[in-house]
1. Take every Cα pair under 8 Å in region 121-196 that's 6+ residues apart, average their separations, divide by the length, and report that relative contact order as a whole percent.
2. What does the charge count near Lys129 come to, summing +1 for each Lys or Arg and -1 for each Asp or Glu among other residues with Cβ under 12 Å from its Cβ?
3. Ignoring ligands and nucleic acids, what accessible area does Ile38 show with a 1.4 Å probe (Å², nearest 10)?
4. What is the Cα radius of gyration of the chain over 2.2 N^0.38 Å, N being its residue count?
5. Can you give me the relative contact order of the chain as a percent, contacts being Cα pairs under 8 Å and 6 or more apart?
6. Let's test the formula: R0 of 51 Å, r as the Cβ-Cβ distance of Arg121 and Ser346. What FRET efficiency results, to the nearest 0.05?
7. If each of Ser176 and Arg80 carries a label point 7 Å out from its Cα toward its Cβ, how far apart are those two points in nm?
8. Over all pairs of distinct alpha carbons, what does the Kirkwood formula give as the hydrodynamic radius of region 1-100, in Å?
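The values are calculated or read from the model by the stated rules, or taken from the named source; none is laboratory data. Nothing here was measured: the structure is a model prediction, and the numbers come from that model. Quick reminder, even Gly has a Cβ in these numbers, built from the backbone with ideal geometry, and neighbours come from all protein chains shown. SASA here: full protein model, heavy atoms, side chains in, ligands and nucleic acids out. Shrake-Rupley method; radii C 1.70, N 1.55, O 1.52, S 1.80 Å.
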Amino acid sequence: VEAFIDELDLAALGFAGIVPEVTGRPAYHPATLLKIYIYGYLNRIQSSRRLERETQRNLELIWLTGRLMPDFKTIADFRRDNGPAIRAACAQFVVLCRKLNLFTRAVVAIDGSKFKAVNNRDKNFTVAKVAKRIEQVEASIARYLAALDRADRQDNDVAEAKTARLKEKIEGLRRSMQSLKEMQQQVEAAPDQQISLTDPDARSMATSGKGTGIVGYNVQMAVEAEHHLIVAHEVTNVGNDRTQLLAMGRQAQDVMTCEEVTALADRGSFNGDEVLACEGTGVLPCVPKTLTSGNTKRGLFTGQDVVYDAEHDHYTCPAGQHLTKGKVRSDRRDNIDHDRNLTACSACALKPQCSPD
């Protein structure tokens, strides 16, 4: 970090404060703050308050900053005010990697990660969420109205106090209902029918666990396969990775200055249109096909359990039998019935797992 930053022309990159002011207290040099920022990035320390504490206790950072200890607001303001310059410094690092021939293998791995925004789930509204909240408010109003009827039948001071409290709660719920009705109209008018109040760009995204969705961003990254360097990244608010393969592959191709780049991705990025769009662009996708068959849950074999032998032009079933060429059947059950071995199949012990028929 020390060697890299000291060789940068920070003024040319756009950092402010390179030349100190004539009057006033001298400010921290941008090189010092950039070292803190990059050190925090390398060690997964994102909070400016934590970085402030690290400058006071971490020997590596104390040496790196020359015992300077800026407060958290100075660190946060530096990141806020020098965003384009920091990106330019990252671009210089990519140039350095090219000069060191670290991108000789034109293979990148592409994947997305969900990053939580400051917008919590209660401040995010979709058509389904608004409808569910309206249903909950209506149920609460009905419950309070029933309690109000029971209190009205009682003739005492306690009943009167209870009636007053219930009327206040009902009035509050009706105001909430009015707000939800207005929000419902705004959500339906939104382009993607979703609104986030605190962070307008954040979107509700599903995660692997049921009921554990977050409101945030989907950050796409392309990582060079040999040295594990991030060569390209893009922040999106699309909840899935199915439309990002070509865009990230082209970015990695431009950064690595390769005519062809092999893009590795998981099943979450599989999209037939994206794979087809990569043809002729120099991006060679290597993505496993999505498993859409429900046969596994039913205890049946799927198409992936059948191995195709291109040399002899036949399939081999899980029982090790060669399947003869036959008419391809297309049905909703996705059974392994495109080829048959009539002699072996009739006496095969695995036949119940190939077809429920």
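1. 52
2. Counting the neighbours of Lys129, the net charge comes to +2.
3. Roll a 1.4 Å probe over it and Ile38 shows about 40 Å².
4. Scaled against compact globular proteins, the figure is 1.48.
5. Value for the chain: 12 percent.
6. Step by step, r from the Cβ atoms, then E = 0.35.
7. 3.4
8. 14.0
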